[in-house]
Amino acid sequence: MSAHKTTATVKQIAACLEEMAPLTLAESWDKVGLQVGDPKRQVKKVMLSLDSNDEGVIDEAIAKGVDLIIAHHAMIFKPVQTLRTDTPYGRKLQKLLAHNIGVYVAHTNLDIAEGGINDILAGRLHLENVEVLSRVHNTRLKKLVVFVPETHHAQVLTALGDTGAGWIGNYSHCTFNTPGMGTFVPQEGTSPFIGEQGVLEKVEEVRVETIVSDLNQERVVRAMLEAHPYEEVAYDIYPLEIMGQELGVGRVGDLVQEMTLEQFTNFVKQQYGVEHARIVGPRDRNVRRVAVLGGSGEEYYPQALQKGADVFVTGDIRYHYAQDALAEGLCMVDPGHNTEKICLPSVQAYLEAKLREYGYDAEVFVSETNTEPFTFL
């Protein structure tokens, strides 16, 4: 951890969030990443919001001197054909540009990520034995091999393990180490850590082998190079056939104790901070196994059935999906799309911790603007 605080750029703050939710996790149709602003812009204030395409959120950002909005829902999703400032959409973009406010979007990548939206929603319901509802892909594992002088062996091992290399199941920092003799001749123009130009050097070295996933390969290699003493580091990366962690949308797990659908719905309302929820199914039906998917997830009800769910919690459920699910014996609870906002404090805590780790001086806070478009009479 850096003792000296520095001002972070948009790009650096985005990189911190992408350690948890890499852009490569996003669905192919999604629009994620920096949508408005300059990646080199320095950032003092970051505001988290569920929605970026909301004038109230933008006005709040202006009033509070925000440099960067990080949102779950995109500011720009469909192609922009015109940019007329006499339209609501054009006016919002004009405000962002006029006040030099960037907009960064983490959508399905944050849904899918471990510790992201769906894990937080499942955690709020205290679900046990949680697994992915619908697999999108698995991480790809690679073998990283690096040759290290014995004097810096422990230092490089620590750098590898602390940045996520060597995870096998629930074991971290897994490596295999083989001692040997390394040779090299420093040529003209080099500044060797060991040896002299033009002289064959022999060094007691260790061959370190470990596992790294494609999601954090770049970060691991960067940390390894920083910890390694050599001017030119000898290392190899081999693709492996074995699959890594399963990643996907939604989660499914078991309640601590069985409830009726009515009791469970009241529990959802309490845990998600909503006053109303639509339900599909008999109120007195007992439920224990729960599928949950933040946002709009009605089309995943067949996967919920396949995973043995008694009830599926998701937003924006339409009439015919509700009919079909009920006919197949699946209850549903719709607390609304806006429930995803309860995840923002967890994202705030993660980002604050990362900024501290890297020594960045930026304030992170959650928007106070209510972006829920629905009211109930």
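Below is a table of values for the structure above.
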{"read-out": "Region 11-48: number of residues that are charged (D, E, K, R), under 21 Å from THR108 (Cα atoms) and more than 15 Å from the chain's Cα centre (by Cα)", "value": "1"}
{"read-out": "Selection status of GLY195, surrounded by fewer than 19 Cβ atoms within 10 Å (Cβ to Cβ) and either in a strand (DSSP E or B) or modelled with pLDDT under 95 (or both)", "value": "yes"}
{"read-out": "Residues of region 329-339 satisfying the condition of being farther than 15 Å from ARG289 by Cα and touching a helix residue (DSSP H, G or I) at 6+ places or on another chain (Cβ under 6 Å)", "value": "PRO335, THR339"}
{"read-out": "Residue within region 148-160 that is within 27 Å of THR210 (Cα to Cα) and not assigned by TED's automatic domain parsing to the domain that holds PRO229 present", "value": "no"}
{"read-out": "Failed item in (1) closer than 24 Å to TYR350 by Cβ; (2) surrounded by fewer than 19 Cβ atoms within 10 Å (Cβ to Cβ), with ILE76 passing the rest", "value": "(1)"}
{"read-out": "The one condition in (1) in a helix (DSSP H, G or I); (2) farther than 30 Å from VAL185 by Cα; (3) within 26 Å of the chain's Cα centre (by Cα); (4) not aliphatic (A, V, I, L, M) that GLN263 fails to fulfil", "value": "(3)"}
{"read-out": "Filter result (surrounded by fewer than 19 Cβ atoms within 10 Å (Cβ to Cβ) and either under 21 Å from VAL366 (Cα atoms) or of a type in the set (Ser, Thr, Tyr) (or both)) within region 20-33", "value": "THR24, SER28, GLY33"}
{"read-out": "Scan of region 77-88 for residues that are of a type outside the set (A, V, I, L, M, F, W, C) and within 28 Å of the chain's Cα centre (by Cα), ordered by number", "value": "LYS78, PRO79"}
{"read-out": "Output for region 330-364, where each listed residue is more than 15 Å from the chain's Cα centre (by Cα), at pLDDT 95 or above and of a type in the set (Asp, Glu)", "value": "ASP334, GLU363"}
{"read-out": "Residues satisfying the stated conditions in region 34-46, i.e. in a loop (DSSP other than H, G, I, E, B) and surrounded by fewer than 19 Cβ atoms within 10 Å (Cβ to Cβ)", "value": "ASP38, PRO39, LYS40, ARG41, LYS44"}
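The values are calculated or read from the model by the stated rules, or taken from the named source; none is laboratory data. What you see is a predicted model, and the numbers here were worked out from it, not measured in a lab. Note that each Cβ is placed from the backbone with ideal geometry, even for glycine, and that neighbours are counted across all protein chains shown.
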